[in-house]
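The values are calculated or read from the model by the stated rules, or taken from the named source; none is laboratory data. Keep in mind it's a predicted model, so treat the numbers as computed, not measured. Here Cβ is always computed from backbone atoms with ideal geometry, including for glycine, and neighbour counts include all displayed protein chains. Please note that ligands, DNA and RNA were not included when accessible areas were found on the heavy atoms of the full protein model with its side chains. Shrake-Rupley method; radii C 1.70, N 1.55, O 1.52, S 1.80 Å.
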Amino acid sequence: MKRLVAALAAAVMTVLTAGPAMAAVPVWERIDCTSGTIDVAALDATKEGDFLTLAGRLDCVEVKTGAAFGYAVYEPGFSQGIVYGSHLRPYAPAGVSPFSDRKQVPAGPVDFAICVVTDYLVRIECVRVVWDLLDHELDARPLDTSDPLVDRMVRLVAPDWGPRPVCGTCW
């Protein structure tokens, strides 16, 4: 009987103290970088679909091994922007840190913003991509970094949970 009570007590303690499995918190090595520009925000249509090109520079260099910046995607109705850890880019080791990326825009009527970000709350510059009802085409417009669409924290999605290179529309 003592063994049964001890076994039951051990089982109850195991159930009560066991917590849910937690995924590893993604690590984003960041530096204090608050200056830069998006010099090009261009849309082009091809037979494969519409593509957005963002190019510019950050006026910062890597002062911490592994430090990186990325693009945050913001959609209306969502509480946070998303940065994919698998798409973070390293800073240049000297001089300014240039960037240039071209990705396909999801098909259909779209309305989202993309900001170059260097931290969870640091947006360098932003662009809003919308379907222009008058011209019946996509338009990329500069967007102030304090606009309510982007004036919120970003969430870093761990590389093992985020899109792989097969996601051609993911920033």
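An ellipsoid equivalent to region 26-171, defined through the eigenvalues of its Cα gyration tensor, has semi-axes of 25, 16, 15 Å when rounded to whole angstrom and sorted largest first. Largest to smallest in accessible area, the residues TYR74, TYR84 fall in the order TYR84, TYR74 (1.4 Å probe, all protein chains included). With a 1.4 Å probe rolled over the protein heavy atoms of all chains, the accessible area of SER97, SER146, SER79 falls in the order SER79, SER146, SER97, largest first.
Sort THR34, THR118 from largest to smallest accessible area, using a 1.4 Å probe on the heavy atoms of the protein chains.
Of THR34, THR118, the descending order of accessible area is THR34, THR118.
Accessible surface of ILE31, taken over heavy atoms with a 1.4 Å probe and every protein chain present, rounds to 20 Å². Considering only SER79, ALA67, ALA55, whose Cα is most displaced toward the positive end of the charge dipole of region 45-93, charges sitting on Cβ of Lys, Arg (+1) and Asp, Glu (-1)? Most positive-ward Cα: ALA67.
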